[in-house]
Amino acid sequence: MEVRNQSEIKTKVTQVSFIDLKRQYRQHREEILGLIDNILSSGTYILGDVVENFEKNAAKYLGCKYVLSVANGTDALILIFKSLNIGPGDEVILPTNSFVATAGAVAAVGATPILCDISNDLNLDVAQLQALITKKTKAIIPVHLTGRPAEMDKINEIAKQYSLFVVEDAAQSIGARYKNAMTGTLSDAGCFSLHPLKNLHVYGDGGLISTNNDKLYADIKLLRNHGLVNRDTCMRWGLNSRLDTLQAGIANFSLSYIEKWNNQRRHMAAIYRDTLKNVIETPSDKSHEHSVYHNFVAFAEKRDELMKFLLSKGIETKIHYPIQIHLQPAAASLGYKLGDFPTAENIAERMISLPIYSELLADEQEYVIETILRFYRG
């Protein structure tokens with residue numbers, strides 16, 4: 001892409017939000033309002049045919065046997081752990097550079113999060129994995145961060161060697177592929193978030209669980225609805241973690257657009273990569289990866305100064321994540337300290353997330369690019 005002169009762009013774009021959730025709604029308003037009216041007119045607001053239809057369509061899209069919808073992505077992890085009998089006395093290995101919910105879900109079932117450093121791709125460093133495995137280790141959670149697949153073959157090989165479960169935190173990666181297989185289908189179970197910021201989202205909270213395991217499916221289906229087998233009989237203590245019928249309808253609508261939206265993100269990522277490769281370090285897919293760029297995380301020198309400069313020009317950026325899990329106050333009892341995970345800590349000082357979403361205008365992206373180039377030209 002040829003970047004236009006700064007003065008040409010400046011008159012057209014004065015502010016670029018990190019994300020604008022209203023745009024997508026405005027584009028599809030009539031269709032969304034129509035499906036909302038149909039669901040509200042039906043009188044079925046919890047579970048029902050709309051939820052089942054979405055789950056079947058999501059399973060078909062992912063290429064797995066089962067999908068269960070739940071209240072949010074964190075519950076998806078918790079329900080999987082409960083079904084796998086992971087709890088007090090057990091350890092679960094996960095990367096330190098992830099959203100806190102990954103570790104929080106482990107702690108919520110009484111297990112202990114064991115943190116691991118990351119590689120430059122922001123995913124779990126498989127080379128350090130085996131050294132963390134003990135007699136208490138029960139599972140490994142690879143996180144497909146930013147929509148980029150983790151190295152699942154190597155992780156699964158190690159897990160098999162030690163008879164460990166693998167649970168994919170695919171919250172950010174719906175539609176991402178590892179060796180032509182969808183993330184979330186490469187392990188015992190996968191979980192996805194349908195939070196409004198995600199590539200596939202609803203207008204509130206929501207989550208998905210994917211699995212090919214018959215027993216796991218049946219167990220979680222029971223657990224997400226109080227453990228009830230019918231209105232009056234509770235087989236085991238469960239949770240109230242159902243995706244509302246209204247949100248399921250919206251999710252089903254979004255599912256029909258997810259490939260288009262993901263391809264638009266990939267196109268924007270390619271533009272960032274081609275135009276900024278000489279000034280910042282940009283992410284790119286390996287030959288066996290198909291990333292969906294939930295976030296476009298680059299590494300930049302003078303990162304803080306760059307962010308301030310961009311903000312002064314009306315451009316919003318983020319850091320994912322400025323405080324990693326091992327340095328969170330909630331993790332104090334785990335005994336980690338600054339310096340324990342050098343790669344993650346070094347990257348945290350240089351990472352910057354640029355605006356990327358399917359409704360971002362070409363002029364807006366050009367403005368972001370030219371402003372970054374202007375900063376490094378001095």
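The values are calculated or read from the model by the stated rules, or taken from the named source; none is laboratory data. Please read all numbers here as calculations on a predicted model, not as lab measurements. Every residue, glycine among them, receives a Cβ derived from its backbone with ideal geometry; neighbour counts consider all protein chains shown.
For beta carbons closer than 6 Å, sequence separation of 6+ or different chains, a first residue in the stretch 106-126 that is assigned by TED's automatic domain parsing to the domain that holds residue 138 and without any contact (Cβ under 8 Å) to a residue 40 or more places away in the chain and a second that is buried (at least 17 other Cβ atoms within 10 Å of the Cβ) and small (Gly, Ala, Ser), the qualifying pairs are 123/150; 124/150. Look at the stretch 154-175: where a residue is farther than 18 Å from residue 100 by Cβ and a partner is acidic (Asp, Glu), sitting 6+ places away or on another chain with Cβ atoms under 8 Å, you get 165/188; 166/188; 175/259.
Counting only helices (runs of 4 or more DSSP H) that fall entirely inside the stretch 281-378 and contain at least 1 residues that are under 21 Å from residue 269 (Cβ atoms), charged (D, E, K, R) and touching a residue at least 12 places away in the same chain (Cβ under 8 Å), the qualifying elements are 303-312, 362-377. Out of curiosity, is residue 243 more than 26 Å from residue 209 (Cβ to Cβ), touching a helix residue (DSSP H, G or I) at 6+ places or on another chain (Cβ under 7 Å) and buried (at least 20 other Cβ atoms within 10 Å of the Cβ)? So residue 243 does not fit the description; no.
Matching residues to (1) touching a His at 6+ places or on another chain (Cβ under 9 Å); (2) modelled with pLDDT of 95 or more:
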{"site": "197", "(1), (2)": "yes, yes"}
{"site": "208", "(1), (2)": "no, yes"}
{"site": "230", "(1), (2)": "no, no"}
{"site": "236", "(1), (2)": "no, no"}
{"site": "242", "(1), (2)": "no, yes"}
{"site": "246", "(1), (2)": "no, yes"}
{"site": "252", "(1), (2)": "no, yes"}
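The residue that is farthest from residue 238 (Cα to Cα), counting only those in the stretch 40-79 that are of a type in the set (Val, Ile, Thr) and assigned to a strand (DSSP E or B), is 67.
The residues of the stretch 42-74 that are of a type in the set (Ser, Thr, Tyr) and more than 13 Å from residue 212 (Cα to Cα), listed by number, are 42, 44, 45, 61, 69, 74.
Please specify each residue of the stretch 310-325 satisfying the condition of being surrounded by fewer than 16 Cβ atoms within 10 Å (Cβ to Cβ) and under 16 Å from residue 345 (Cα atoms). Correct list: 322, 323. Number of residues in the stretch 75-100 that are surrounded by fewer than 22 Cβ atoms within 10 Å (Cβ to Cβ) and touching an Asp or Glu at 6+ places or on another chain (Cβ under 9 Å): the value is 3.
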